[in-house]
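Asker: Following this message is one structure expressed as structure tokens.
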């Protein structure tokens with residue numbers, strides 16, 4: 001029996017720890033030990049536009065408090081884990097066969113969820129799904145972008161958008177948001193007229209700012225792209241849609257009147273299923289058919305479909321933490337403002353705060369204290385995901401410690417301030 005595959009005897013190639021000989025000993029020692037120069041990307045025929053690029057991704061570090069990638073901090077409940085495991089076991093029986101490439105059952109389940117969550121009436125053929133909303137968006141750019149075409153969005157926004165464009169050889173164009181990160185309708189219209197995109201990407205709530213778009217803004221963009229000779233598709237990215245505040249409308253309401261509109265969602269955030277990689281999109285049947293043309297065969301595995309369907313049976317339970325996280329988000333906004341930071345309005349499960357002279361130093365200081373947040377957005381701003389109450393307490397304490405500040409006392413409510421003023425007048 002061979003020894004462990006963790007080492008070789010006396011450093012001799014082809015010999016394991018117990019002295020057993022492998023087929024590689026057919027080579028001469030000189031052949032196997034001759035030094036070879038390491039191959040680099042410069043030695044490969046990489047596309048010119050990819051040279052110098054690095055893989056996308058936020059830091060994945062083992063620290064006590066991880067608040068940098070907008071995950072739901074609460075794990076899936078044990079009873080739901082058991083049901084998911086049972087569904088995966090059933091799917092595993094048939095893994096010798098390819099999965100259902102049209103996944104109609106999952107699409108029907110997603111349509112039913114959107115009906116419950118947002119009141120949207122959708123047929124299963126109006127829903128699409130893929131390995132995370134990233135792949136859904138890539139399908140959109142593959143179908144409607146490409147060489148000689150443009151995709152438009154408004155910065156600051158999700159940093160993967162230009163990568164979807166790059167990977168599909170689509171020209172990437174950005175307009176700008178206002179200082180408060182809202183979108184100026186006339187500026188949006190002007191950008192559409194000037195650049196004539198075939199794809200417009202609108203994140204709502206926007207990442208990294210958390211800003212939601214009013215339906216009137218989306219409708220104005222839809223009206224403008226309708227004037228283009230070739231038309232364009234508009235995608236409203238609602239990856240954080242379940243976290244929107246009461247009264248914030250979903251763009252799903254606009255779908256019946258706009259066949260070139262799509263609304264994307266994900267199960268990674270509110271559903272606590274970031275590890276499952278399930279994103280989806282709602283649109284007209286024609287829009288979805290365009291995505292079916294470019295998707296890879298059997299792109300959604302039987303295991304992924306089983307996980308998603310089992311989770312959707314328990315959507316109410318999985319989403320039961322959303323209200324708590326909304327409340328903690330709003331409290332975090334209030335606290336950060338009390339400490340003197342500029343804070344963006346948020347309808348997501350994160351908060352962007354600014355007014356930092358050296359944001360990297362603050363980010364590093366938090367990391368040194370065991371708290372990982374995200375260095376993203378405009379210069380001078382940082383983004384913190386909303387975690388559990390102990391995690392947020394650790395964030396608050398670490399931030400004050402990094403900045404050498406004492407916690408500012410909470411501002412008294414207006415009625416208390418009025419009473420104090422009246423008392424002071426009476427004493428005079």
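The values are calculated or read from the model by the stated rules, or taken from the named source; none is laboratory data. Remember, it's a predicted structure, so these values are computed and weren't measured experimentally. As a convention, Cβ positions derive from the backbone with ideal geometry for all residues, glycine included, and neighbour counts pool all protein chains shown.
Asker: Could you list, in sequence order, all residues of the range 351-391 that are in contact with a strand residue (DSSP E or B) (Cβ under 8 Å, 6 or more places away or on another chain) and part of a helix (DSSP H, G or I)?
Answerer: The answer is 359, 362, 363, 366, 391.
Asker: Taking the residues in the range 172-199 that are touching a helix residue (DSSP H, G or I) at 6+ places or on another chain (Cβ under 6 Å) and assigned to a strand (DSSP E or B) as candidates, determine which candidate is nearest to residue 231 (Cα to Cα).
Answerer: Applying the filter and picking the extreme gives 199.
Asker: Could you tell me whether the range 208-229 includes any residue that is out of contact with any strand residue (DSSP E or B) (no Cβ under 9 Å at 6 or more places or on another chain), part of a loop (DSSP other than H, G, I, E, B) and buried (at least 17 other Cβ atoms within 10 Å of the Cβ)?
Answerer: Within the range 208-229 (the criterion being out of contact with any strand residue (DSSP E or B) (no Cβ under 9 Å at 6 or more places or on another chain), part of a loop (DSSP other than H, G, I, E, B) and buried (at least 17 other Cβ atoms within 10 Å of the Cβ)), the answer is yes, since at least one residue qualifies.
Asker: Only one of (1) touching a residue at least 60 places away in the same chain (Cβ under 8 Å); (2) within 28 Å of residue 239 (Cα to Cα); (3) out of contact with any helix residue (DSSP H, G or I) (no Cβ under 6 Å at 6 or more places or on another chain); (4) surrounded by 15 or more Cβ atoms within 10 Å (Cβ to Cβ) is not met by residue 349, so which one is it?
Answerer: Going through (1) touching a residue at least 60 places away in the same chain (Cβ under 8 Å); (2) within 28 Å of residue 239 (Cα to Cα); (3) out of contact with any helix residue (DSSP H, G or I) (no Cβ under 6 Å at 6 or more places or on another chain); (4) surrounded by 15 or more Cβ atoms within 10 Å (Cβ to Cβ) one by one, residue 349 breaks only (3).
Asker: Select the helices (runs of 4 or more DSSP H) contained entirely in the range 280-346, then report the ones holding at least 2 residues which are in contact with a strand residue (DSSP E or B) (Cβ under 7 Å, 6 or more places away or on another chain).
Answerer: 285-294, 322-338
Asker: Does the range 101-121 hold any residues that are part of a loop (DSSP other than H, G, I, E, B) and surrounded by fewer than 22 Cβ atoms within 10 Å (Cβ to Cβ), and which are they?
Answerer: Matches in the range 101-121: 101, 102, 119, 120, 121.
Asker: On to the next question. Which is in a loop (DSSP other than H, G, I, E, B), at negative phi and at pLDDT below 95, of 54, 63?
Answerer: Just one listed residue meets the conditions, 54.
Asker: Which of the residues that make up the range 257-272 are over 12 Å from the mean Cα position of the chain (by Cα) and part of a loop (DSSP other than H, G, I, E, B)?
Answerer: 258, 259, 260, 271, 272, listed by residue number.
Asker: Please state which one of 89, 77 is in contact with a helix residue (DSSP H, G or I) (Cβ under 8 Å, 6 or more places away or on another chain), surrounded by 10 or more Cβ atoms within 10 Å (Cβ to Cβ) and at pLDDT 90 or above.
Answerer: After applying the criteria, what remains is 77.
Asker: Anything in the range 141-157 that is under 18 Å from the mean Cα position of the chain (by Cα), in contact (Cβ under 8 Å) with a residue 40 or more places away in the chain and in a strand (DSSP E or B)? List them, or say none.
Answerer: Across the range 141-157, the qualifying residues are 153, 154.
Asker: Oh, and also: Can you name the number of the only condition in (1) surrounded by 23 or more Cβ atoms within 10 Å (Cβ to Cβ); (2) within 30 Å of residue 78 (Cα to Cα) that residue 274 fails?
Answerer: If we test residue 274 against (1) surrounded by 23 or more Cβ atoms within 10 Å (Cβ to Cβ); (2) within 30 Å of residue 78 (Cα to Cα), just (1) comes out false.
Asker: I would also like to ask the following. Quick one: in the range 19-50, of everything that is surrounded by 10 or more Cβ atoms within 10 Å (Cβ to Cβ) and either assigned by TED's automatic domain parsing to the domain that holds residue 168 or modelled with pLDDT of 90 or more (or both), which residue is nearest to the chain's Cα centre (by Cα)?
Answerer: Out of the qualifying residues, it is 50.
Asker: If you go through the range 158-171 one residue at a time, do you hit one that is assigned to a strand (DSSP E or B) and without any contact (Cβ under 8 Å) to a residue 60 or more places away in the chain?
Answerer: yes
Asker: While we're looking at this one, here's another question. May I ask you to list pairs of residues, at least six apart or on different chains, whose Cβ atoms are under 6 Å apart, with the first in the range 179-203 being in contact (Cβ under 8 Å) with a residue 60 or more places away in the chain and the second being outside any helix (DSSP H, G or I) and surrounded by 22 or more Cβ atoms within 10 Å (Cβ to Cβ)?
Answerer: Filtered contacts from the range 179-203: 181/209; 181/211; 181/344; 201/153; 201/235.
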